[in-house]
1. Working carefully through the options A:E39, A:E30, find the one that is farther than 15 Å from A:F248 by Cβ, buried (at least 17 other Cβ atoms within 10 Å of the Cβ) and either away from chain B (no Cβ under 14 Å) or touching a residue at least 60 places away in the same chain (Cβ under 8 Å) (or both).
2. Tell me the residue from A:L128, A:L101, A:L63 that is crowded, with 18+ Cβ neighbours inside 10 Å and more than 12 Å from every other protein chain (Cβ to nearest Cβ), please.
3. Inside the stretch B:169-179, can you point out the residues that are among the hydrophobic types (A, V, I, L, M, F, W, C) and either in contact with a His (Cβ under 9 Å, 6 or more places away or on another chain) or within 7 Å of chain A (Cβ to nearest Cβ) (or both)?
4. For the stretch A:219-239, how many residues are outside any helix (DSSP H, G or I), more than 14 Å from every other protein chain (Cβ to nearest Cβ) and either closer than 23 Å to A:L161 by Cα or free of Cβ contacts under 8 Å to residues at least 60 places away in the same chain (or both)?
5. Of the conditions (1) under 25 Å from B:R267 (Cα atoms); (2) buried (at least 22 other Cβ atoms within 10 Å of the Cβ), B:I233 fails just one. Which one is it?
6. Of B:T159, B:T255, B:T220, which residue is in a helix (DSSP H, G or I), surrounded by fewer than 17 Cβ atoms within 10 Å (Cβ to Cβ) and under 18 Å from the mean Cα position of the chain (by Cα)?
7. Does B:I233 fit the bill of being closer than 25 Å to A:N137 by Cα, more than 18 Å from the chain's Cα centre (by Cα), touching a residue at least 60 places away in the same chain (Cβ under 8 Å) and in a helix (DSSP H, G or I)?
Amino acid sequence: MTASPLPDLGARPAPSGSGYEGTLPAHLGEVMVKLEGIEKYFGDNHVLRGVNLEVRQREAVMLIGRSGSGKTTLLRCINFLEEPTVGWVEVDGLRLQADPLQARSRQHQEQIRQMRLRAGMLFQDFNLFPHMSVLANCIEAPTRVRGIARDEAVSTAEGFLDKVGLLEKRDEYPARLSGGQKQRVAIARALCMEPKVLLFDEPTSALDPELIGEVLRVMEDLAHEGTTMIVVTHELHFAREAADRVVFMEDGVVIEEGPPEQMLDEPREEGTKRFLRRFLTP
Amino acid sequence: MTVGSGSEARVPQVAPIVAQVLAARRGARRRFSATFAAIWLALIVVIGAGTWIASGADLEFVLVSGPVIVLQGAGITILVSALAIFFATILAVLGALGRLSTNPIPNAVASFYVSLFRGTPLLLQIYFIYFALPQLGIVLPAIPAGVAALSLNYGAYMTEIFRAGIQAVPPGQREAAEALGIPERLVMRRIVLPQAVRIVIPAIGNDFIAMLKDSALVSTITVHETLFMAQRIGRSAFEPIAALIIAGAVYWTLTIIFSFFQERLERRLARGDR
């Protein structure tokens, strides 16, 4: 796999809200994802308490934190698999206000769908369609939703399957694949829709330890090629290798954020330190 | 002798043991099949002889009238059952979508339908459609009336099967499809329903077998199916019991044949799951 070199947009002062201090990393582009004041209740349970987050083009952001801290819920709020209770979500210029009272209205549903076309998602348990071959999994949405001709969708899909190293599995059914292979197919399937940002929800948590590496390698390549991505993960080594920025969440708010070296080696907040201590010395 | 040669010495002993184990297992399987077949055969002979004596039938009646019952009746039985299972399946899919709808109108209609047609006897429904609907100006010939009653009745039961099947598809499947931007209608048609169908095939097959036999009830509204033919021919030949036994054999044979195909279908549909 050849990693295309990232563009150098020069040193710029980091604007507030970018999550950086001083200068912005040179390869980051404009704001691609913007979350404003996201709150989420599950019944009485206040899981997100006003989260603001900006993610820029070509940025790889890793969300870390204890389970129950709200990081997965936050990720799912971006493509409205969970409708936020309050707040604004913006992806690639499409701005959508949370509206749980109108969540079933046709217009809101259509806007959510447009949001989902911009934000591809990867799941902990892959969720490949078991009744379809690998290739059919990859071309289903492009042909049926984007209206792309079958031949074109197939060649795009073959390109991405090759990229994740699974072109020879194109005619297999998901049940014949290992967990790592399934997740790589899921990544190819998401890429086929050419999303603006990829959302990863603990993509390696359901994998046997020896299969984690192959998935992380694909994700690392994507990050180094400048794919905009937001990753909920417990793989701190991976965060160090591939993240531009690490965001630590606790009790439904962002506690601290910054470049991985700073976050993982010299965290400032007590909560971050506590989390890392427990995490690094099991 | 060194340790190495000791472990080598064990190697030739393993192969015969493995072969013996395999042979023993093959033998056990063969004995099981043989006993199984023998018991089936014995039971058929006993039951057959018993019913033969009980019916007091003579061979001539069986040889002359038997084929008539089979040829005329079984064809109509298969026709009625196949049409009814087809329409029942359509009703069941629609019913299940209604039962799962968040819109109160289809939901209420579907649950009312299920309640009414599961809550009243099939025989009564057959009578009602054939004898009562004409009072409202809806006159159905016997076969369409029978097919309609069987479809509506089994459609109600199968609605619940399909509903459970749709709900048994893991929620992650729907989420993954929605996350790809696939519109709700297509998510159901392309992702959820195909998986639900696989889940419900055994239950639907079971219902089809039940329907093959319940189709005998439409004999009461003069559909010339197996039981009707058996009763008519049996009466005129003064061999009512023998005719009934022939009809029973027809139903049984049909279900055996259908079970065979059902098993093959299940195996084929399971392909993606392994």
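All of the numbers you see were taken from the coordinates with simple rules; none came from a lab. Source: prediction; values computed, not measured. Backbone-built Cβ (ideal geometry, glycine too); neighbour counts: all protein chains shown.
1. Every option except A:E39 fails the conditions.
2. Testing whether each residue is crowded, with 18+ Cβ neighbours inside 10 Å and more than 12 Å from every other protein chain (Cβ to nearest Cβ) leaves just A:L63.
3. Result: B:A176, B:A179.
4. Selection size over the stretch A:219-239: 7.
5. (1)
6. Only one candidate passes the filter, namely B:T255.
7. Answer is no for this residue.
So that you can scan it fast, the table gives a plain yes or no per residue for (1) touching a helix residue (DSSP H, G or I) at 6+ places or on another chain (Cβ under 6 Å); (2) crowded, with 19+ Cβ neighbours inside 10 Å:
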| residue | (1), (2) |
| --- | --- |
| A:R95 | no, no |
| A:Q111 | no, no |
| A:G120 | yes, yes |
| A:V134 | yes, yes |
| A:E172 | yes, no |
| A:R176 | no, no |
